[in-house]
1. Can you give the helix-only mean residue ellipticity at 222 nm for the chain, where every DSSP H stretch with n ≥ 4 adds -39500 (n - 2.57) and the sum goes over all residues, rounded to the nearest 500 deg cm²/dmol?
2. In nm, give the distance between the simple-model label positions of residue 146 and residue 35, each being 7 Å from the Cα along the Cα-to-Cβ direction.
3. GNM, the chain, Cα, under 10 Å: largest mean-square fluctuation among 98, 253, 229?
4. Could you work out the relative contact order of the stretch 7-269? I mean the mean sequence separation of Cα pairs under 8 Å and 6+ apart, divided by the number of residues, in percent.
5. Would you give the gap between the C-alpha center of the stretch 18-77 and the C-alpha center of the stretch 202-271, rounded to a whole Å?
6. Pick out which of 237, 113, 92 has the largest mean-square fluctuation in a Gaussian network model of the chain, springs linking Cα atoms closer than 10 Å.
7. If each residue of separation counts as 0.36 nm, what is the full-extension length gain between residue 108 and residue 56 once their alpha-carbon separation is subtracted?
8. With a 10 Å Cβ neighbour count serving as the proxy for reagent exposure, in which order, fewest first, do 182, 77 appear?
C-alpha cells in the first residue's frame, strides 16, 4: 500500500533570486534546499502535483506532456537565470486521471501538453529536488481567485495523496508588489496580523474550522494589504493545499521575515 504523501505549501520568492543566492533570500534558499527534505521523503513519492501561482486560467488547466520545457516568466535578471535546466518528466496518465477526477466532481478543467513549467515550478523544485527524478504535473490556479473553488480543487487532489502522489503549492503567503518595491527594511513586520490569522486557520484541529476560516480570508485584518484586490494569485495555492490537507491539522514549517518586513509562512499536512 502506498504511503499517504504530504500536501505542502512553499513560498517561492522573487523570480530566480533563491537560485541566484540573493542575500535577502538566503533563509528561503536554505529552507527549500535543506529543510523540505526533513519533512518530505522524496524517495517515497510516485509524483508531485504542483499548483503554481504563476499560471492563472479561466478553468483548471493541467500540464499533460511527457516533458515540459522551462518558461522563463521573469524579466531583468542575469543571463544565467535564463539557462536553467530542470528535466523532471511529466506524467500524462496522472494528468488525465486528475482531469477525470475533476470532471466527476463537477469542476471544469482542460489538459495542456505544451505550456512550459514557470518559475513557480522550477525555482523551488531545483532546490527541493535537484535530481529531478520525481515526475511533476503542473496545475493552474483560477483567475476568479474564488476561495471556495480553490479549496474544493484541493479536496479532489487529496485523493491522489493516498497513492503516494504529493500535492505541492507554490506561491507567497504575503505578496504585495508595491510594498516589496517601496517598503523594504522597515525593521518591523507589516503583516503580522494576517500571518497570525493564516497560522490559526491552517493549524486548526477541526477541518471545518480550517475551511470556514479560509473561505472568508478576504475579510481578515490586513488581507488587502497582504494580497491586493484582484491580485491574490499567490495565496490561491495555499487554499488548494489546505483543501488537500485532509482531516489532520496543518503544521507551520517555515516562518521568515523577508527583508525584516514581510512575514512569510509555509505549511505541511501529513497523515
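1. Details: 10 runs with 85 residues, N = 271.
Mean residue ellipticity at 222 nm (helix-derived): -8500 deg cm²/dmol.
2. 3.5 nm
3. Highest fluctuation of the listed residues: 229.
4. 29 percent
5. A separation of 18 Å, based on Cα centres.
6. Comparing 237, 113, 92 in a Gaussian network model of the chain, the most mobile one is 113.
7. Values: separation 52, 0.36 × 52 = 18.72 nm, distance 1.41 nm.
So the chain would gain 17.3 nm between residue 108 and residue 56.
8. Numbers: 182 8, 77 16.
Ranked by crowding around the Cβ, least crowded first: 182, 77.
Laboratory data are not the source of any read-out in this text; all were calculated from the coordinates shown. What you see is a predicted model; the values in this text were computed from it and never measured. We place every Cβ from the backbone using ideal geometry, glycine too, and count neighbours over all the protein chains shown.
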